[in-house]
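In what follows, a structure is listed as structure tokens, so that the remarks can point back to it.
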Amino acid sequence: MNKINGEIYMQNKEQKELLVRLGEAQNKFGYLSEKVMIELAESLDMSISDVYGVATFYSFFSIRPQGRNIIRICKSVPCFLKNSQVIIETVEKEIGIKPGETTPNGKFSFHLTNCIGVCDKAPAMMINSEVYIDLTPNKISQILKAHK
Amino acid sequence: MPVRTVLLGQGTCCISAGAKQISAALREEIARLDLAGTVQVKHTGCRGFSQIDPVVIIEPEGLLYSEVKVDDAPEIARSLLPQGQPIERLFYRDPVTDRAIPHHRDITFYNKQQRTVLKNCGYIDPEEIDDYLAVGGYQALRKVLSEMTPEQVIEAVKRSGLRGLGGGGFPAGRKWEACRRVPGDEKYVVCNADEGDPGAFQDRSVLEGDPHSVVEGMIIAGYAVGATKGYVYVRAEYPLAVKRLGIAIAEARERGFLGENVLGNGFGFDIEIFQGAGAFVCGESTALTLSLEGARGMPKPLPRPRTTEVGLWGRPTLLNNVKTFANIRWIINKGAEWFASQGTEKSKGTAIFSLTGKITNCGLIEVPMGITLREIIFDIGGGVPGGRTFKAVQTGGPSGGVLPEGLLGTPIDFDSLTAAGSMMGSGGMVVVDEDTCMVDLARYFLDFTQKESCGQCSLCRLGSVQMLEILNAITEGNGRIEDIDLLIELGESVKIGSICGLGQSAPNPVLSTIRYFREEYESHILEKKCPARVCKGLISYIIVSDKCKACMICLRKCPVEAIKGGKKEVHVIDQDKCTRCGVCLSVCPERFGAVEIIPGREVKIHG
């Protein structure tokens, strides 16, 4: 970190790549391992703790292994008003884990997420980058079955 | 040349409703009927009336088919034959009059709107630059580069009265001017598309439906302030917007609108997309720049110079929202005076709102500033569905406030909404009805902001947790009457003691619900009742004896065996055993409807 006129900004322009590279690593390995973070720190000339700090700040990064399919159910108000709680409970029942967990067979990770911007079709969720809308408990079982 | 165009929305909302499959089926049928020479199927952004997606529009007639299914494709294709007839059963039916409406312009959802920024969303193919050029795209850029000095551009934006549409409402022209005045040969233009407010999706729709309008606005801004590089900061949750914007930027580069020598004018400008990684606080300008630099997106401490002076990598940076940039081409093309002639004295132009929650017509709308909340919710939005009663509207997302029925006459503009205790914010408009508990709603919004706090300011980090704990206690029936004033005191402290918009506005939903719905807080605390029958600790399930048919279903399904009764013996819930799980209500056959929820815990057993 550097300061000009008391103002904080990042001088190392290479560091801009950090978020991009973290995203690529996350896509490739499914999570950000210690090894990946150390390598990134070295190649971008940053401290390991700074890389760790960034990796843990953003909710789309994970420092623990994730399942093959990542389920993100919207927990924001418009979905809440359309009974997203029932959807969350249905997913919990179907795959047997709570939000924040990964199934033992590595098939699913389950997270609650902030608004995914399809509030007009609430309740909604994403599996990987696919958006599912107007959810009902019946739809959930069908959608989950389609994911291997 | 095609004589007819079939417009098919392909926004995230439309695609998840099956629009891709419909498009494939339609194209196949059209080819089979040998109509490919006269009928063109065009993919567009979403037209905003999400409630009736997927929508198919036939131009030039302007026929609108609503809630189309894949199986409708053959019939739609046949209707396009020379002797074909419009398909009445697919017309939109007005929920009030039940009349079938063939033309989209006659639908009430549309005819009170004034679409400027959204004008091309739903008409042009966002992945085809020629479509954008055909509706006058990049003409504003040509005009700016050939006829105007940067100062004249800034003057036009100033005269138009355009205010930043990201929430703050800061006059855009003044921001541009400030950035222009800062000396420096390295400046940046940043587009904030980190739309994180729950209940707002206009930035997504604009980027998915008309990405070039944002690109064009940014190039003009770059010319005006003297920047050579632009970044669009898009959130990770919007993959389709990222894809379409990427296509738009590549096409613009190919046609010479972006690059080292824009339109041969000697001015160089390029745009790069930057994807966020899921952090609400990054919508704040200093946090966003830090995030762009690859750091944790935490708002910079006070006192901080403006981003226009010391922004990205310490350089002067112009940061505006998606919609602000999308307005620029209209100001240049139609003139600052035209823009300034719309809206109210201090809020010019239009406002875009996402209508969601308990409202008949969910979707995205664009209205002139100054229109009232009542017109939006009841005329365009069609009111509250299912015969329920309107209770309140939340504008401005978790930073905004909740406004009751009595304030529906409030005109929509930056200042009136702020005066009423809410804000324009990102344009989310969440309608709630009598079945929504205001204490629970405030708790839900606060739970969101509390989790998104970056943690720098003690009052935001800890004060919001304390407020949440008090709200939890109230909704569980453990509130004390002095808690209401304590919430107000804490809320005001969190606002004062936070350095960014997140903390400064996080208490708003709590404060505004106390301001307008204090009696609901008091019912929870003094009477131990949740009037909206939501808070589990403050309601009871009962079986209405003269409706109960003693069918034994609920009695068998109750997980805690709290229901007594037998065959031919009316069932009764033992309130001491009941855990309010709601199973009895969900299993009681609809034709009996014997299980009801009543507010409060002190109930005499009906029988």
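Here are a few things to note about the model shown:
- Subset of segment B:406-418 that is part of a helix (DSSP H, G or I) and within 19 Å of residue B:368 (Cβ to Cβ) - its residue that is nearest to the other protein chains (Cβ to nearest Cβ): B:417
- The condition of being crowded, with 24+ Cβ neighbours inside 10 Å, more than 12 Å from every other protein chain (Cβ to nearest Cβ) and either in contact with a Ser or Thr (Cβ under 8 Å, 6 or more places away or on another chain) or modelled with pLDDT under 90 (or both) does not hold for residue B:279.
- Scan of segment B:50-107 for residues that are open to solvent by 80 Å² or more (accessible area, probe 1.4 Å), of a type in the set (Asp, Glu) and closer than 22 Å to residue B:27 by Cα, ordered by number: B:67, B:71, B:88
- The selection criterion, being under 26 Å from residue B:446 (Cβ atoms) and without any contact (Cβ under 8 Å) to a residue 60 or more places away in the chain, holds for residue B:376.
- Hits in segment B:549-579 (condition: open to solvent by less than 40 Å² (accessible area, probe 1.4 Å), under 25 Å from residue B:535 (Cα atoms) and assigned to a loop (DSSP other than H, G, I, E, B)): B:558, B:562, B:574, B:575, B:578
- For residue B:403, the test of being outside any loop (DSSP other than H, G, I, E, B), buried (at least 24 other Cβ atoms within 10 Å of the Cβ) and not assigned by TED's automatic domain parsing to the domain that holds residue B:200 is failed.
- Selection of segment B:422-458 for residues being of a type in the set (Ser, Thr, Tyr) and more than 11 Å from every other protein chain (Cβ to nearest Cβ) yields B:422, B:453, B:458.
- Test for residue B:291: is it open to solvent by 10 Å² or more (accessible area, probe 1.4 Å), in contact (Cβ under 8 Å) with a residue 12 or more places away in the chain and within 14 Å of chain A (Cβ to nearest Cβ): no
- Members of segment B:344-382 found to be assigned to a loop (DSSP other than H, G, I, E, B) and touching a Ser or Thr at 6+ places or on another chain (Cβ under 6 Å), listed by number: B:362, B:369, B:370, B:382
- Taken over segment B:505-558, residues that are within 35 Å of the chain's Cα centre (by Cα) and free of Cβ contacts under 8 Å to residues at least 24 places away in the same chain amount to 1.
- Look at segment B:361-372: where a residue is small (Gly, Ala, Ser) and a partner is part of a loop (DSSP other than H, G, I, E, B) and open to solvent by less than 10 Å² (accessible area, probe 1.4 Å), sitting 6+ places away or on another chain with Cβ atoms under 6 Å, you get B:363/B:48; B:363/B:49.
Residue-wise test of (1) surrounded by fewer than 23 Cβ atoms within 10 Å (Cβ to Cβ); (2) of a type outside the set (A, V, I, L, M).
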position	(1), (2)
B:410	yes, yes
B:426	no, yes
B:429	no, no
B:436	no, yes
B:439	no, no
B:444	yes, yes
B:452	yes, yes
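- Condition met for residue B:495 (of a type outside the set (A, V, I, L, M) and in contact with an Asp or Glu (Cβ under 9 Å, 6 or more places away or on another chain)): no
- Cβ-Cβ distances below 6 Å connect the following pairs, each with a first residue in segment B:302-314 that is more than 8 Å from every other protein chain (Cβ to nearest Cβ), a second residue that is aliphatic (A, V, I, L, M), and a separation of six or more residues or different chains: B:302/B:499; B:307/B:319; B:308/B:178; B:309/B:182.
- Exclusive hit being out of contact with any Asp or Glu (no Cβ under 8 Å at 6 or more places or on another chain) and not acidic (Asp, Glu), set B:328, B:377: B:377
- Qualifying residue in segment B:251-273 (condition: at pLDDT below 95, more than 8 Å from every other protein chain (Cβ to nearest Cβ) and open to solvent by less than 20 Å² (accessible area, probe 1.4 Å)): no
- If you go through segment B:465-520 and pick out every residue that is assigned to a helix (DSSP H, G or I), more than 28 Å from residue B:283 (Cβ to Cβ) and not β-branched (Val, Ile, Thr), you end up with 8.
- Residue check for residue A:60: at the interface with chain B (Cβ under 9 Å from one of its Cβ atoms) and at pLDDT 90 or above: no
- Condition check for residue B:124: aliphatic (A, V, I, L, M), within 30 Å of residue B:182 (Cβ to Cβ) and not assigned by TED's automatic domain parsing to the domain that holds residue B:20: no
- Test: residue A:129 is of a type in the set (Gly, Ala, Ser) and open to solvent by less than 30 Å² (accessible area, probe 1.4 Å): no
- Segment B:390-400: number of residues that are among the hydrophobic types (A, V, I, L, M, F, W, C) and open to solvent by less than 10 Å² (accessible area, probe 1.4 Å): 2
- Search result, residues across segment A:81-138 that are charged (D, E, K, R) and under 18 Å from the mean Cα position of the chain (by Cα): A:92, A:98, A:101, A:107, A:130
- Among residues of segment A:8-44 being more than 12 Å from chain B (Cβ to nearest Cβ) and acidic (Asp, Glu), the one that is farthest from residue B:277 (Cα to Cα) is A:42.
- When segment B:211-250 is filtered for residues that are of a type in the set (Val, Ile, Thr) and buried (at least 24 other Cβ atoms within 10 Å of the Cβ), the ones remaining, listed by number, are B:214, B:215, B:219, B:220, B:225, B:232, B:234.
The values are calculated or read from the model by the stated rules, or taken from the named source; none is laboratory data. All of these numbers come straight from a predicted model, not from anything done at the bench. Cβ sites come from the backbone with ideal geometry, for glycine too, and all protein chains shown count toward neighbours. Ligands, DNA and RNA are excluded from the accessible area calculation, which covers all protein heavy atoms including side chains. Shrake-Rupley method; radii C 1.70, N 1.55, O 1.52, S 1.80 Å.
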